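*Asks:* Have a look at this one before I ask anything.
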Amino acid sequence: MHAAETATQERAKGSGPDWQPLQPQTLVDRAIEAIIAGAAAGLILPGDRIVEVDLARKLGVSRVPVREALRLLESQGVVVSEPYKGIRLRPVTNERIADLIEARIALEASATARAVAAGRNRGRHLDELRGAVAEMELMAARGSAYGVAVADTNFHRALCRLGGNSVTFDLWETLAPQCTIIFGLATFGKPMAGVVEEHVDLLAAFEAGDIAVIARTLDEHITVMNHAMDYEAIVAQRRQERDAS
């Protein structure tokens with residue numbers, strides 16, 4: 001019997017590869033989420049040193065999942081490790097924000113244009129975007145900086161997914177953790193209700209389907225609004241308030 005025939009029979013008997021059940025969220029996943037949540041809420045500020053043993057104690061876990069979480073976050077650019085200085089949350093400078101803005105505009109403008117061309121800017125395609133806006137409104141009402149930041153990230157993630165370009169989406173996804181932190185910090189510089197309103201306007205423009213209007217609204221939301229904020233000043237103010245308390 002040929003090897004191919006044998007392999008086929010084995011698969012037919014159920015001995016071949018099969019779908020694996022999803023695993024519950026691991027401690028590493030939870031540690032990553034906790035670190036990003038802490039950064040978005042201002043508990044950890046850009047430039048702060050992160051000490052494994054201290055963080056593990058605060059999270060109620062061993063150092064092992066914390067160490068792995070920090071390793072993964074370093075690969076995503078969320079934390080940086082420097083000789084003799086240890087691990088720190090990546091500093092946020094206005095120059096760094098400008099670089100993130102430039103990258104986001106390129107990715108999201110491309111994604112929204114492709115989505116409109118494919119007719120994915122109306123009907124059920126908008127469900128995820130509408131859900132993100134509804135969640136943002138709820139989190140804003142609760143005064144949750146992290147909640148608003150996560151919903152904000154989910155909105156822009158959905159926009160990029162609708163573009164249908166897996167490379168664009170994957171590139172955007174590498175920026176997502178850093179964006180969540182920035183979105184959280186932004187809530188300390190402007191009212192959360194204003195953040196929600198910007199997304200309501202962007203959703204309306206996207207649904208209307210005029211590429212020029214979408215591009216202009218996207219630029220207003222990402223570029224103009226962010227350049228109008230001094231993130232370095234926001235971080236300094238938050239650090240001063242935290243140290244005083």
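*Asks:* Of ALA134, ALA41, PHE155, which is farthest towards the positive pole of the chain's charge dipole, taken about the Cα centre with +1 and -1 on the beta-carbons of Lys, Arg and Asp, Glu respectively?
*Replies:* So the residue we want is ALA41.
*Asks:* Please work out how much length the chain gains when fully extended from GLU68 to ALA208, using 0.36 nm per residue of separation minus the C-alpha to C-alpha distance, in nm with one decimal. Don't skip to the end; give the middle numbers.
*Replies:* Working: separation 140, 0.36 × 140 = 50.40 nm, distance 4.44 nm.
The GLU68-ALA208 span can extend by a further 46.0 nm.
*Asks:* On average over all directions, what projected area in square nanometres does the chain have, based on the convex hull of its Cα atoms? Walk me through the numbers before you get to the answer.
*Replies:* Numbers: hull surface 74.1 nm².
Its Cα hull, projected and averaged over all orientations, spans 18.5 nm².
*Asks:* Sticking with the crude label model, points 7 Å out along Cα→Cβ, report the distance from ALA176 to GLU95 in nm, one decimal please.
*Replies:* 3.0 nm
*Asks:* Only helices at least 30 Å long along their axis, Cα-based, and averaging -1.0 or more on Kyte-Doolittle count here, so list those DSSP H runs from the chain.
*Replies:* Helices meeting the criterion: 94-117.
*Asks:* Please compute the contact order of region 27-91 in relative form: average sequence separation of alpha-carbon pairs under 8 Å and at least six residues apart, divided by the residue count, as a percent.
*Replies:* Numbers: 68 pairs, mean separation 25.9, N = 65.
With pairs under 8 Å counted, the relative contact order is 40 percent.
*Asks:* Right, here's the next one. How big is the convex hull of the Cα atoms of region 186-245, per residue, in Å³? Numbers along the way, then the final one.
*Replies:* On the way: hull volume 3.7 nm³, N = 60.
Enclosed volume per residue, from the Cα hull, is 61 Å³.
*Asks:* About the Cα centre, and with charges only on the beta carbon of Lys, Arg (+1) and Asp, Glu (-1), how big is the dipole of the chain? Nearest 20 debye, please. Kindly include the intermediate steps, with their values, before the conclusion.
*Replies:* Numbers: 27 positive and 33 negative charges, 122 e Å.
It works out to roughly 580 debye.
*Asks:* Quick check: residue separation of ARG142 and ARG57 times 0.36 nm, minus the Cα distance between them. What number comes out in nm? Please list the in-between numbers first.
*Replies:* Working: separation 85, 0.36 × 85 = 30.60 nm, distance 2.78 nm.
Once the chain is fully extended between ARG142 and ARG57, it gains 27.8 nm.
*Asks:* Please report the equivalent ellipsoid semi-axes of region 27-91, computed as sqrt(5 x eigenvalue) of the Cα gyration tensor, largest first, in whole Å.
*Replies:* 16, 13, 11
*Asks:* While we're looking at this one, here's another question. Quick one: length gained pulling ASN165 to ASP201 fully straight, 0.36 nm per residue minus the C-alpha distance? Provide the component values of the computation, followed by the final result.
*Replies:* Working: separation 36, 0.36 × 36 = 12.96 nm, distance 2.41 nm.
Gain in length upon complete extension: 10.6 nm.
Any read-out appearing in this document is the output of simple, stated calculations on the displayed coordinates, not a laboratory observation. Small disclaimer: the values here were computed from a predicted structure and weren't measured. Glycine gets a Cβ as well: all are built from the backbone with ideal geometry, and neighbour counts include every protein chain shown.
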